[in-house]
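In what follows, a structure is listed as structure tokens, so that the remarks can point back to it.
Since every read-out is calculated from the coordinates, none of them should be taken as a lab result. No experiment lies behind these values; they were computed from the predicted model shown. When we count neighbours, we look across all protein chains shown, and the Cβ atoms used for this are built from the backbone with ideal geometry, even at glycine.
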């Protein structure tokens, strides 16, 4: 009986340590990614998130298309900051337009031309 209790304690403590180390590395990686996106030397575009849209949906589509992005606030606007070159703007625009056409079809959300914050 004592061996079972010792084994249980070892498993719980070991599992807690492993989970803590995993979360620590994940948070550090996310912090590095956010710092990279906010670095002035990194070319990014910002897309204002329409009201009622979960930012995870367009961020996931951008990640699947190979773009690094993150949720951010620019001034008073909630935005998705996307790392891309000038030559990739149209591709990012198409990915976002496709997301709103396929994910929010039939809703009252504007599904027209995507406009980035620096184009307003």
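Between residue 13 and residue 63, what FRET efficiency comes out of the Förster formula 1/(1 + (r/R0)^6) with R0 = 41 Å and r the beta carbon distance, rounded to 0.05? Mind dumping the intermediate values first?
Numbers: r = 35 Å, r/R0 = 0.85.
After rounding, the FRET efficiency stands at 0.70.
At a Förster distance of 25 Å, what's the computed FRET efficiency of residue 98 paired with residue 41, Cβ-Cβ distance as r, to 0.05?
Values: r = 30 Å, r/R0 = 1.18.
Calculated value: 0.25.
Using the Cα atoms as the points, what is the convex hull volume per residue of the chain in Å³? Walk me through the numbers on the way to the answer.
Values: hull volume 19.3 nm³, N = 120.
Output value, Cα hull per residue: 160 Å³.
Beta carbons within 10 angstrom, averaged per residue: use that to sort the peptides 22-29, 68-75, highest first.
Working: 22-29: 10.0, 68-75: 15.2.
Result, highest mean first: 68-75, 22-29.
Peptides 11-21, 88-98: what's the order by average Cβ count within 10 Å, highest mean first?
Values: 11-21: 10.0, 88-98: 16.2.
Highest-to-lowest ranking by the protection proxy: 88-98, 11-21.
Is region 12-63 rounded, prolate or oblate when judged by the Cα gyration tensor, a ≥ b ≥ c being the square roots of its eigenvalues, rounded requiring a/c under 1.5 and prolate requiring a/b larger than b/c?
Details: a/c = 3.97, a/b = 1.75, b/c = 2.26.
Since a/c reaches 1.5 but b/c is at least a/b, the shape of region 12-63 is classed as oblate.
Quick check: the angle from helix 89-103's long axis to the longest principal axis of the chain, C-alpha only, nearest 10 degrees?
Its long axis makes an angle of about 70 degrees.
Starting from the Cα of residue 20, step 7 Å along the direction of its Cβ; do the same at residue 34; then give the gap between the two resulting points in nm.
2.2
Using all alpha carbons of region 46-99, what is the percent of pairwise distances in each 10 Å bin, ordered from the shortest bin to the longest?
In order of increasing distance, the bins hold 25, 60, 14 percent.
For helix 2-38, report the angle its Cα long axis makes with the longest principal axis of the Cα atoms of the chain; keep it between 0 and 90° and round to the nearest 10°.
Computed tilt is about 20 degrees.
Can you tell me the FRET efficiency between residue 86 and residue 27 if r is taken as the Cβ-Cβ distance and R0 is 30 Å, rounded to the nearest 0.05?
On the way: r = 32 Å, r/R0 = 1.07.
Calculated value: 0.40.
Taking one equal scatterer on every alpha-carbon of region 1-41, how large is log10 of I(q)/I(0) by Debye at q = 0.13, 0.18 1/Å?
-0.47, -0.61
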